[in-house]
1. Given the conditions (1) out of contact with any strand residue (DSSP E or B) (no Cβ under 7 Å at 6 or more places or on another chain); (2) hydroxyl-bearing (Ser, Thr, Tyr); (3) modelled with pLDDT of 90 or more, which single one is not true for Ser223?
2. Checking the condition exposed (fewer than 15 other Cβ atoms within 10 Å of the Cβ), without any contact (Cβ under 8 Å) to a residue 24 or more places away in the chain and not in a loop (DSSP other than H, G, I, E, B), which residue from Arg393, Arg400 passes?
3. Any idea which residue in the range 409-450 is surrounded by the most Cβ atoms within 10 Å (Cβ to Cβ), counting only those that are in contact with a His (Cβ under 7 Å, 6 or more places away or on another chain) and of a type outside the set (S, T, N, Q)?
4. Any residue in the range 311-338 that is in a helix (DSSP H, G or I) sitting within a Cβ distance under 6 Å of a residue that is surrounded by 12 or more Cβ atoms within 10 Å (Cβ to Cβ)? List the pairs, counting only those 6 or more apart or interchain.
5. Kindly state which helices (runs of 4 or more DSSP H) lie completely within the range 403-492 and contain at least 2 residues that are under 22 Å from Ile369 (Cα atoms), in contact (Cβ under 8 Å) with a residue 60 or more places away in the chain and of a type outside the set (Asp, Glu).
6. Is it true that Ser276 is outside any helix (DSSP H, G or I) and crowded, with 19+ Cβ neighbours inside 10 Å?
7. Tell me, yes or no, whether the range 260-274 has at least one residue that is in contact with a Leu (Cβ under 8 Å, 6 or more places away or on another chain) and among the polar types (S, T, N, Q).
Amino acid sequence: MVRYSSVTRVHEACSLVGEHCFALQIIHKSHAQDAGTTARPASCANRTTGQFRGCKVQEKYICRVSPKDEKTCAVQKRPFAQHAPHPSINRIYHTRPHPFPNPCIGKSRAATRTIVPRGSSIFTSREPGKKGRADMTDILEIEARCASLKEKLGKKVAIVGHHYQKDSVIKFCDHVGDSLELIQKIPALDARYIIFCGVSFMGETAAMLAREDQKILLPAAASSPRTVNMPSAAQLEKTLATLKEHGHNFIPLVYVNSSVELKALTGRMGGAMCTSSNLRRMLQWAFKKSAHVLFVPDQNLGRNTARQMGLKDEDVAILKTCEDGIDLSVEQPLDRHLLLWPGYCSIHEAYTPAMLNDMRFQHPGCRIIVHSEARPEVVALADAAGPTSFLIREAAETARTGKANVLVIGTELNLVDRLNKKHMNHCTVLPLLKSDTQYDTSAIVKPEELLASLEAIDNGTATGVELTAGEREDAAPCVTRMLFACGATNPR
């Protein structure tokens, strides 16, 4: 017996496959306990259980019925005897539910979207004829294989994961943290293989700190950050040259989620890397070396941190850029103490002041915290703002002290969902924006990808992140300067 919602339209699952119709019996929730053994009359209709934005939510239950059962088919509205015999269904999976409001109500869809007969894969493609997402027949089998290999490999492998990963991957991680926390962990790891569940640029940074006999593996090797308007190394080099021509020697600070080429250039120019957790400290470090600092690429993080430090708005400017670096066709204040590259995080840029006002109207007395990569006008309206590690601490503090019954967090949805599950007995944690765009898909590692990395280590075919000698030589100082500034005593 499997519980279904009208979001997936149970009656659409009961469709003809060749000459046969899957036999599904729709029954009441009150019949759930004996649904697996007793077929209820087809007259047992669904029942309305609640509403969501004006749409009625209907709970339905499905159970197997014998091919010999003569009761009326719930969809075809005629006795089973009038069509071909109904094969038994041993497994029915609720795969990907459609969000409200359901635009597909009244339209038919392929049965492969909602039901999986015995022997088929739960990763069946939503569209007939398209390849499924994995070769394994069951996610539980993938997770069991991951657990078995991890135990077999023992101390030979270490798995680290960013907070934005899904629970299905986080459960296998030896270390979980934000960008700074994970980078600081790398020099202390003794494992020969380090699987880094995060964006590729962070994996490259880890490779700079790893020993020569260690390998950094990226399960999702093609992943890249969600930053919009990331400059190329050539753009940054031309920008620094233009600023120098105007009589200003700028120290570059580059965000952790940037390419190894950007880090190498920054290292050669005497600059350093930073994260959202330590940008304030790194700005203080840079201002001790020069009166002018260029931060690349997140303008929102730069403006918010500058205000926290007490810098005046007239001391900060956002560059207008082009393919050749600075756009010299327009007049720009290039003499400011802090210049910001006009990039931003696509997830956190989406928040607006209206969203905060709506949440306070819907949940009076709620507490709203947002990531420091959000717009300054959003940060100004929030109760607090900070990096990922700050948001996690605030959620724990709210749950412990009862600051609010509802905590609204503006950041990536996987993290918000995890915090809600963790603290649900003490407070409700809600996302500021519930949308597919709020998932950091660029960094998400799938369980089957993690399994592939573990299998490669086990069979001796694992290949790690590769850096050229020049990249490692130039980029490593960019990273180690940050670690020294943050108190590290022995960064590799």
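1. Of the numbered conditions (1) out of contact with any strand residue (DSSP E or B) (no Cβ under 7 Å at 6 or more places or on another chain); (2) hydroxyl-bearing (Ser, Thr, Tyr); (3) modelled with pLDDT of 90 or more, the odd one out for Ser223 is (3).
2. Matching residue, one of Arg393, Arg400: Arg393.
3. Among residues in the range 409-450 that are in contact with a His (Cβ under 7 Å, 6 or more places away or on another chain) and of a type outside the set (S, T, N, Q), the one surrounded by the most Cβ atoms within 10 Å (Cβ to Cβ) is Gly410.
4. Cβ pairs passing all conditions: Asp315/Arg336; Asp315/His337.
5. Ranges flagged: 413-423.
6. In short, yes.
7. Within the range 260-274 (the criterion being in contact with a Leu (Cβ under 8 Å, 6 or more places away or on another chain) and among the polar types (S, T, N, Q)), the answer is yes, since at least one residue qualifies.
Table: residues versus (1) crowded, with 21+ Cβ neighbours inside 10 Å; (2) at pLDDT below 95; (3) closer than 24 Å to Gln438 by Cα; (4) within 24 Å of the chain's Cα centre (by Cα).
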| position | (1), (2), (3), (4) |
| --- | --- |
| Gly302 | yes, no, yes, yes |
| Asp324 | no, yes, no, no |
| Thr352 | no, no, yes, yes |
| Met355 | no, no, yes, yes |
| Leu381 | no, no, yes, no |
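The values are calculated or read from the model by the stated rules, or taken from the named source; none is laboratory data. Every value quoted in this text rests on a predicted model; they were computed, and no experiment measured them. Quick reminder, even Gly has a Cβ in these numbers, built from the backbone with ideal geometry, and neighbours come from all protein chains shown.
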